[in-house]
Amino acid sequence: MKKYIDDLARFAMIEKVEIAYEKINLEEIFAKVLDTLSSEIRKSDVKITIESPHTLISGWQQLKEVFKNIISNSLYSKKENTPLTIHVTSQKTADGLLDIHIEDSGVDFDEKYIDKIFRPFQQLHRNQLEERSGMGLAICKLIVVRLGGNISAKSSPDKGATFTVRLPLEPGNKK
């Protein structure tokens, strides 16, 4: 119950926290995220590759939380007795935005539920050994929208999931 209350409080505070915009190197922020999740990563048979050399001006703490939630979800979706791969890439778009792709080889989800995964308290996979609130992706969406971007997901049977975070390269650039 405490996890639900804490996550609900975080969700409610997102709109109130001031964003400190700064230049962010994506490889550095992902290194911090992986350090934060190091104990979960050590418990998993996972290979993580980061090929995301781009920089942008955005909120460091906000993006760290977004990427931590997505990577954590990937770790949570690991198939039993199967190594997990997580691959992060980024690319600038023709309209001057930055797409950050986080692709995993974990459990896929049925895309008929795509409209639900970014809603509060939604979980597509349940693990009886791990209590999760279902707020992580809702928090991600709220943060990314506040930063002027959007987030989407896709999945293919037996191929895992890909989350794409599209952000402006600098504040106010929402083409």
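To keep it simple, each residue is scored yes or no on (1) of a type outside the set (Ser, Thr, Tyr); (2) at pLDDT 90 or above; (3) open to solvent by 20 Å² or more (accessible area, probe 1.4 Å).
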{"residue": "Lys116", "(1), (2), (3)": "yes, no, yes"}
{"residue": "Arg132", "(1), (2), (3)": "yes, no, yes"}
{"residue": "Met135", "(1), (2), (3)": "yes, no, no"}
{"residue": "Gly160", "(1), (2), (3)": "yes, yes, no"}
- request: Could you check Ile57 against (1) at pLDDT 95 or above; (2) closer than 21 Å to Ala138 by Cβ; (3) open to solvent by 50 Å² or more (accessible area, probe 1.4 Å) and say which number it fails?
  value: (2)
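Looking at region 76-109, which of the residues that are closer than 26 Å to Leu56 by Cα and touching a Gly at 6+ places or on another chain (Cβ under 9 Å) is surrounded by the most Cβ atoms within 10 Å (Cβ to Cβ)?
Among residues in region 76-109 that are closer than 26 Å to Leu56 by Cα and touching a Gly at 6+ places or on another chain (Cβ under 9 Å), the one surrounded by the most Cβ atoms within 10 Å (Cβ to Cβ) is Asp104.
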- request: Any residue in region 105-116 that's under 13 Å from Tyr76 (Cα atoms): show its pairings with residues that are part of a helix (DSSP H, G or I) and of a type outside the set (A, V, I, L, M, F, W, C) at Cβ separation under 7 Å, as long as the two are six or more apart or on different chains.
  value: Gly106/Ser74
message: Of everything in region 91-105, what is charged (D, E, K, R) and in a loop (DSSP other than H, G, I, E, B)? Give them in sequence order.
response: Asp95
field: Test result for Lys68, at pLDDT 95 or above and closer than 23 Å to Ala138 by Cβ
entry: yes
Flag for Ile70 being under 29 Å from Pro168 (Cβ atoms) and touching a Cys at 6+ places or on another chain (Cβ under 8 Å): yes
statement: Reported set for region 162-173 where residues are part of a loop (DSSP other than H, G, I, E, B) and at pLDDT 95 or above is Leu169
task: Using the structure shown, decide if Lys16 is over 20 Å from Leu142 (Cβ atoms), basic (Lys, Arg), free of Cβ contacts under 8 Å to residues at least 40 places away in the same chain and out of contact with any strand residue (DSSP E or B) (no Cβ under 8 Å at 6 or more places or on another chain).
output: no
query: Taking region 71-91 only, how many residues are touching a strand residue (DSSP E or B) at 6+ places or on another chain (Cβ under 6 Å), of a type outside the set (S, T, N, Q) and modelled with pLDDT of 90 or more?
result: 4
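The values are calculated or read from the model by the stated rules, or taken from the named source; none is laboratory data. Values in this document were obtained by computation on a predicted structure and should not be read as measured data. Methodologically, a virtual Cβ is constructed for each residue, glycine included, from the backbone with ideal geometry; neighbour enumeration extends over all protein chains shown. The protein model used for the area step is the full one, side chains on, heavy atoms only, and it has no ligands, DNA or RNA in it. Shrake-Rupley method; radii C 1.70, N 1.55, O 1.52, S 1.80 Å.
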